[in-house]
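This report concerns only the one structure given below.
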Amino acid sequence: MIEFTLSRVAVIICGVIMLGAVFAPVSALFEEEEADGMAAAADHASAILDRFWESETDVLTLRGSDILPGPGCRLEIAGQNVSLIDSSGKEYRTAVAHGLESFVLSYNDVVELTRNGSSLELLSRRRLPPLSSARPRTGRCPRDCCRGTPTPARCPRSRGPHGTDGRSAYPSGP
């Protein structure tokens, strides 16, 4: 009986050692993929600015939610340097061909840029409210049709206009 228990303990110890040997390279691989993705996002942002400079377009509108990988990221532009900074503070740098005035683009910002001489100029800046796909729940039905239900999930759709006596307001018959 003791041999059986000792063999199971030996198997568990070998399994933990093998997991430790595999875990380190795999976690390094995921960190490397994240760094490559952030560097690619920074290069993509600078390429957008360079393509705008070479185009015949008058105004470029940049939305942070379209350019940045996540809400915790921000894009800092100063002169010809473009820096993408993630939520942990790690910085990914790239460059643009033409200088810009200094500004920071966060996830909810919208900025408009235009060409001015040999540089790009910031025309306007506005902050959008955070996006929320969910309607705030008040615990009450907006049409007051779910009385007695503490937290209605969804109101049933009405089938059409009704008269005050509960009958359909649409005429029936030929």
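The values are calculated or read from the model by the stated rules, or taken from the named source; none is laboratory data. Since this is a predicted model, take the numbers as computed values, not measurements. Note: ideal-geometry Cβ built from the backbone for every residue, glycine included; neighbour counts use all protein chains shown.
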### Query
Can you name every residue in the stretch 49-96 that is of a type in the set (Gly, Ala, Ser) and over 22 Å from residue 129 (Cα atoms)?
55, 78, 79, 83, 88, 89, 95
### Message
Checking residue 64 against (1) in contact with a Ser or Thr (Cβ under 6 Å, 6 or more places away or on another chain); (2) modelled with pLDDT under 90; (3) surrounded by fewer than 19 Cβ atoms within 10 Å (Cβ to Cβ), only one condition comes out false. Which one?
### Response
(3)
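Among residues belonging to the stretch 76-86 that are under 14 Å from residue 38 (Cβ atoms) and in contact with a Ser or Thr (Cβ under 7 Å, 6 or more places away or on another chain), point out the one that is surrounded by the fewest Cβ atoms within 10 Å (Cβ to Cβ).
Our first condition is that a residue be under 14 Å from residue 38 (Cβ atoms); within the stretch 76-86, this holds for 76, 82-86.
Imposing the further condition that a residue be in contact with a Ser or Thr (Cβ under 7 Å, 6 or more places away or on another chain) reduces the set to 76, 82.
On the way: 76: 16, 82: 23.
Going through the qualifying residues, I end up with 76.
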### Message
residue 12 - would you say it is over 29 Å from residue 122 (Cα atoms), modelled with pLDDT of 90 or more, out of contact with any helix residue (DSSP H, G or I) (no Cβ under 6 Å at 6 or more places or on another chain) and β-branched (Val, Ile, Thr)?
### Response
yes
### Query
What number of residues within the stretch 99-121 satisfy the criterion of being in a loop (DSSP other than H, G, I, E, B), in contact with a strand residue (DSSP E or B) (Cβ under 7 Å, 6 or more places away or on another chain) and not hydroxyl-bearing (Ser, Thr, Tyr)?
1
### Task
Can you work out which of the residues in the stretch 87-98 that are hydroxyl-bearing (Ser, Thr, Tyr) and either at pLDDT 90 or above or assigned to a strand (DSSP E or B) (or both) is surrounded by the most Cβ atoms within 10 Å (Cβ to Cβ)?
92
